[in-house]
Structure formats: structure tokens, C-alpha cells
Amino acid sequence: MRVHIRRLRARALALATAALLGTLPVAGCAGGGDPAGRTVLTVGLFGTFGYAEAGLYDAYMRLHPDVVVRQTSIQRNENYYPQLLTHLVSDSGLADVQAVEAINIAEVTATQADRLVDLGRAPGVRRADFLPWKWAQGTTRDGRTVGLGTDIGPQAVCYRKDLFARAGLPTGRDAVGRLWAGDWRAYLAAGRRYRDRAPAGTAFTDSASGVLSAVTGSSARRFYDEDGTVVYKTNPAVRAAWDLAASFATEGLTARLQQFTPAWDQAFARGTFATVACPAWMLGHIEDKAGPAAADRWDVAAAPRPANWGGSFLVVPRSGRHPEAAARLAAWLTAPAQQAKLFQRRGSFPSASAAHTLPAVAGARHPYFGDAPIGRIYSRAARGVPVTVLGPKDLLIAQNLADIGMLQVDQKGRRPEDGWAAAVRTIDNALDV
């Protein structure tokens, strides 16, 4: 079945939400007016989840005439999340259902679980419906599932077919995927081949920081170990990712850009790089920034190794006015049928693996990317994502490795060991190590 979804939109980017989203709080409401004795359930979100836009609140209220759903949204997660923590600690000012970004879920499950409903026991929730690694992220060490997964960011590689052809590389998505299948070092080798015959004014990939994020994202153990100890400095996987990404910088394979900046956006329109690590939500960003002139020049191939970048959860505070009714709403919003509908209408890739076999997902193709079978590509990627050990300061560590360390290597030509040392100093100061 051929399904053309609407333009995919970036919502909660694990490393760069602030750069993409606006600055002012936005409030929305589904089912306004006097509730006339009905149960009012509030949903607190950040950014644009698409529930109201896809008609899911209206559908839920038709199924439950005694319920009114009302939504509020703060656009920037770095404004939203501190407020959420403050309200959780004080058990006040909370919505009945709250969103949590994937990069924050480890801190929430570790420090706030006692204030949240165990949604694994909510009516209609089935663990088997969800990807195992996504379910694990929202589950505490003692087995309480306090967060139900919404969307995810399984990763592929988006590439310019026209630039690959001019550089003498294959252009079919299966053949391109075979160039680097199973090994990020093969992606580096493909970059060297591209560089040897690169069209003037183009680079193989956008940034060394983007490579670093993609490679670390494919490792089960990154910045923390299973005991919650910070191990990024001694973890061989992180150092190998650093060294590999630095090679892209030192060998002239990048466009020396910083992701989610105006210059990066403009580079899509100018066609100045040939590949970018590409979670599902980035398809919409590429289409927006590259514009109609680049339609059918971009395509999507499997990444060297499965990884995830982005996604969110819904949680239900115990101190809410209607925790049982809120748990039913959260369960319904994250059920496979609703996740498939949200993907079809808004482009949020489902964390419910049971949704991946539904026609809206399994048959999804993207016309802008050469009619690429994105449902199949991203479903396969999602199944291979490792159960990653998350820590409370993952975002801080990742941002500083990228923006303090690797960016200096890529843009300023600093030695990789100097960039590493600069990042470590900044991270350790922030963590008070």
C-alpha cells in the first residue's frame, strides 16, 4: 500500500530543540467551553506533538462524552522541563498528563518515579506493543513503567543522489546502504571516495558533530554505566566515536557546519553537502530547508548501524486531579492505532512496534525523497536500536562533546586531543567532578 504522509516535522530534538523552536509559550485547547460537569483532563506538552492537529483529542472526546481534554504547550523543552521538575517536587501545578523528552526520561525515572502512576498497569497497555528499548527507557529499576513512549527517532542516512552520481558513487538506496553497512568506518571510507571526485563546493557530510552524535547513538553504553556512574571519559565506544568523527574533520570531509543554525539550514538549500545522519523527524526539516528545487534529489538509505535520536514519553502525576482517567487517556494516545494515525498525519514515527505493521506505517513512502519506503526503512532501524543506558546529564555531556569539543576541531582546526580536553573540562566543571 502506497501512503504519502504529510510533511514530517521536527519536534523534540535530543540535542537541539532550542535552535528549532520558538521562544514564546503557546497554549491550545481541545473542546473549549463549559464542561457542564464533565471530567476535564489537562495535557501539558512542549513543542508540537500534533495530538490536537491530528484530531486525536476530538476523537477521544467522542468516545468519552463525559471527558473534556485541554492542552497547554511551552515551545522550548529547556523552559518546560525545569518547570516540570519543580512542579513534581512540590506536587502542585501539574497537568493530568505531562510529556517528558527522551533525553530527560532517565532523570525522571530515577528521581521522580514515586510521584508518577505506574502506567504499565493502566487498562489497555501492553508491553508487547512497544519496542523493548523504548519500554525500558520509561521503566524504573524496580519494574514500574512510569512513562509510555510516544514517538522515536530511528536513524537512517539521507543523501543527495545527484551529488553521488557526479562523484561516481552509486545512487540507488540499497546500493548506497551497502557502501557502509554494519560499520561507521565504512561511512568514512565512502566519504573519502566522495572527496576524491567531489563536485566543486561540496562536502561529503554536514558536520563532524553530526557524525559524533550518530555514532554514539548506536552504542548501548555511552555516557553512564548501569550503576549510574559517569563513564564517558573511559568508555571505549565514546572515544572510538570521537576519533572517527574527528577523522571526518581532519580529512576535509565535512562542510564544517553547526547543526540547527541558519548556516546549516541555508546549506540544505545550496546543496553544499551530500549526506546527513537522518532520524525520521529530520525528513520534514530537509524538505522545508532544501525546498522544492531539491525534490527527488534527496533519498534515504539505511544507516551503518541502528540508532535512535529523539522521541518522548507521557507520564501521569499521582497528584493530578484525575490520575485514573488521565492514565486511560495516556494509554489511548500512545496505543498503536493512535500512533499510526499520528504518523500518517503528522510524521511522528511510532514507538509502538505494533503500529509498524499497520498500513499507514508499513506502506508509507515519501515523495520528496524519491518515493522512498520510509515506513520500511525506519521500522527496520527501530527494531535494531540497542537498549541504551541513559543518565540524567546525557544532554549536557552530548552537547559539550559536540559544541565545545568537536566543533572546535571541525571549524577551528584544533587538534582532536585538544578538542577532547576542552570538552572534558567543561563537562567535569558542569558535573562538579
Inside the range 214-290, counting only helices (runs of 4 or more DSSP H) that do not spill past its ends, which hold 3 or more residues that are acidic (Asp, Glu) and crowded, with 21+ Cβ neighbours inside 10 Å? none
Only one of these conditions is not met by Phe369: (1) in contact with a Pro (Cβ under 6 Å, 6 or more places away or on another chain); (2) crowded, with 22+ Cβ neighbours inside 10 Å; (3) modelled with pLDDT of 95 or more; (4) hydrophobic (A, V, I, L, M, F, W, C). Which number is it? (1)
For Ser348, only one of the following conditions fails: (1) in contact with a helix residue (DSSP H, G or I) (Cβ under 7 Å, 6 or more places away or on another chain); (2) modelled with pLDDT of 95 or more; (3) surrounded by 20 or more Cβ atoms within 10 Å (Cβ to Cβ); (4) within 27 Å of Val69 (Cβ to Cβ). What is its number? (2)
Only one of (1) part of a helix (DSSP H, G or I); (2) of a type in the set (Val, Ile, Thr); (3) buried (at least 22 other Cβ atoms within 10 Å of the Cβ) fails for Thr388. Which number is that? (1)
Single condition Met282 does not satisfy, out of (1) modelled with pLDDT of 95 or more; (2) within 29 Å of Val43 (Cβ to Cβ): (1)
Are any of the residues in the range 325-334 modelled with pLDDT under 95 and within 16 Å of Val100 (Cβ to Cβ)? no
Quick one: is Ala421 crowded, with 17+ Cβ neighbours inside 10 Å, among the hydrophobic types (A, V, I, L, M, F, W, C) and assigned to a helix (DSSP H, G or I)? no
Here the residues within the range 101-119 that are over 18 Å from Pro323 (Cβ atoms) and of a type in the set (S, T, N, Q) are Asn104, Thr111
What's the total number of residues in the range 113-154 that are surrounded by 22 or more Cβ atoms within 10 Å (Cβ to Cβ) and in a strand (DSSP E or B)? 9
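Of everything in the range 391-418, what is in a helix (DSSP H, G or I) and either in contact with a Pro (Cβ under 7 Å, 6 or more places away or on another chain) or on the phi > 0 side of the Ramachandran plot (or both)? Give them in sequence order.
Scanning the range 391-418 gives a single hit, Val409.
The values are calculated or read from the model by the stated rules, or taken from the named source; none is laboratory data. Model, not experiment: these values are computed from the prediction. With ideal geometry, Cβ positions are generated from the backbone for all residues, glycine too; neighbour counts draw on all protein chains shown.
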